Amino acid sequence: MATTNTAGAKPAAGPGAARRKLWSAIKLHRFYYYLILPGMLYFIIFDYIPMFGVIIAFKDISPFEGVSAIFTSEWVGFKHFIRFWNSYYFWNVMRNTLLISGYKLLFGFPAALLLALLLNEVKHTGFKRIVQTISYLPHFISTVVVAGLVMMVLSTDSGMINAIVVAFGGEPVHFLGDPAYFRSILVLSHVWQTVGWGTILYLAAMTGIDPGLYEAAKIDGASRLRQAWHITLPGITPVIAILLILSIGGLLNAGFEKVLLLYSPSVYSVADIIDTYVYREGLNKLNYSFATAVGVFKNILAMILILGANYVAKKMNQTGIW
């Protein structure tokens, strides 16, 4: 009987072999997995497990019925979504959310990029570090403290801005209570708080650009402006594209905490956003199902925005997030 020589043949791969290979890799790199474990637990506990509560949006839940009401309440389908669509507040909160977020993106996104380009051109290391430190610091100040600083600076009694206005013969202005100023105050405070931190990724990306390109450009007589336009910007385009996609995906996050701390009924017409509307309906009026439906509607729109932005980036041959 003929025998087949199997010397040197590889064993057949199967599910068991794949699992053993996976566990071997996990054991080999177990310390890295220990490092990411706290972050994974955070997202599992605070992001994935709460997703179960989405079913509240499709039921009529009373806060006085207890947790069991989530399972025993009657399904009402898209009742709460239709109610929000037909409500008086729908277009107002959508307009305010998109305008505030759009202004933040319009002024905040290029501000961080411009600051990074300027810092990249600074040759004095000490001065560059001082500017970076000063611009980074506001990022580490909590939103509550920032809101307090804004209220102090704009106070009608002792605020610095109104003190200047009065010194020039004007009357004190209630900036936070005037719809004409509120959005501008939000956007300016946002840019001040985030512009320095936003430069970190750009500066890190710039370090990966080949210095030889700059040397060749200098030999050809290119100015610093030309070098920045033709070398630096194209070199960090993938990072710009990814950050822009993520920013568009968060376009419906208009800054709930700061708006909640600074707004008042007198500026609801320009300041009431989706998140503050959900807060009032859910926690103040105890309309849990309706508030959840509004939140789900917002998240669906955000998903559509980020998918659309990624699709457009791919069509323009730019780097996407997947």
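The values are calculated or read from the model by the stated rules, or taken from the named source; none is laboratory data. Computed from a predicted structure; not experimentally measured. All Cβ positions, even for glycine, are placed from backbone atoms using ideal geometry, and neighbour counts span all protein chains on display. With ligands, DNA and RNA removed, areas are computed over all heavy atoms of the protein, side chains included. Shrake-Rupley method; radii C 1.70, N 1.55, O 1.52, S 1.80 Å.
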**Request:** Filter region 264-286 for residues that are modelled with pLDDT under 90 and in contact with a Leu (Cβ under 8 Å, 6 or more places away or on another chain) and give the result.
**Result:** SER264
**Test: LYS123 is of a type in the set (Lys, Arg), open to solvent by less than 50 Å² (accessible area, probe 1.4 Å) and either within 30 Å of LEU225 (Cβ to Cβ) or touching a helix residue (DSSP H, G or I) at 6+ places or on another chain (Cβ under 7 Å) (or both)** = no
**Item:** Residue count, region 96-113 (criterion: in contact with a helix residue (DSSP H, G or I) (Cβ under 9 Å, 6 or more places away or on another chain) and open to solvent by 20 Å² or more (accessible area, probe 1.4 Å))
**Value:** 9
**Complete:** ILE300 fails exactly one of (1) within 20 Å of PHE182 (Cα to Cα); (2) open to solvent by 60 Å² or more (accessible area, probe 1.4 Å), namely (1)
**Asked** Taking region 277-297 as the search range and keeping residues that are in a helix (DSSP H, G or I) and without any contact (Cβ under 8 Å) to a residue 60 or more places away in the chain, which one is surrounded by the fewest Cβ atoms within 10 Å (Cβ to Cβ)?
**Response** ASN284
**Prompt:** Which of the following residues is touching a residue at least 12 places away in the same chain (Cβ under 8 Å) and in contact with a Gly (Cβ under 9 Å, 6 or more places away or on another chain): ILE240, ILE231, ILE273?
**Reply:** ILE273
**Prompt:** Failed condition for LEU261, given (1) farther than 22 Å from ALA111 by Cβ; (2) open to solvent by 50 Å² or more (accessible area, probe 1.4 Å); (3) free of Cβ contacts under 8 Å to residues at least 40 places away in the same chain, with all others met?
**Reply:** (3)
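Only one of these is touching a helix residue (DSSP H, G or I) at 6+ places or on another chain (Cβ under 9 Å), open to solvent by less than 30 Å² (accessible area, probe 1.4 Å) and modelled with pLDDT under 90: GLY148, GLY159. Name it.
On the way: GLY148 fails: modelled with pLDDT under 90.
From the options GLY148, GLY159, the qualifying one is GLY159.
Condition check ((1) outside the structural domain of LEU154 (by TED's automatic domain parsing); (2) among the small types (Gly, Ala, Ser); (3) open to solvent by less than 80 Å² (accessible area, probe 1.4 Å)) across all residues:
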site: GLY170; (1), (2), (3): no, yes, yes
site: THR194; (1), (2), (3): no, no, yes
site: TYR202; (1), (2), (3): no, no, yes
site: ILE219; (1), (2), (3): no, no, no
site: SER223; (1), (2), (3): no, yes, yes
site: LEU233; (1), (2), (3): no, no, yes
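Being open to solvent by 100 Å² or more (accessible area, probe 1.4 Å) and not aromatic (Phe, Trp, Tyr) is the filter; apply it to region 28-56 and report the residue that is farthest from the chain's Cα centre (by Cα). Working first, answer last.
Within region 28-56, the first condition is being open to solvent by 100 Å² or more (accessible area, probe 1.4 Å), and the residues that meet it are 28, 30-35, 42-43, 46, 48-49, 51-52.
Imposing the further condition that a residue be not aromatic (Phe, Trp, Tyr) reduces the set to 28, 30, 35, 49, 51.
Numbers: LEU28: 35, ARG30: 31, LEU35: 24, ILE49: 21, MET51: 19 Å.
Only one residue tops the list, namely LEU28.
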**Message:** What are the pairs with Cβ atoms under 8 angstrom where one residue, in region 25-52, is in the same structural domain as VAL67 (by TED's automatic domain parsing) and the other, located anywhere, is surrounded by 10 or more Cβ atoms within 10 Å (Cβ to Cβ) and among the aromatic types (Phe, Trp, Tyr)? Sequence gap at least six, or different chains.
**Reply:** ILE26/TYR33
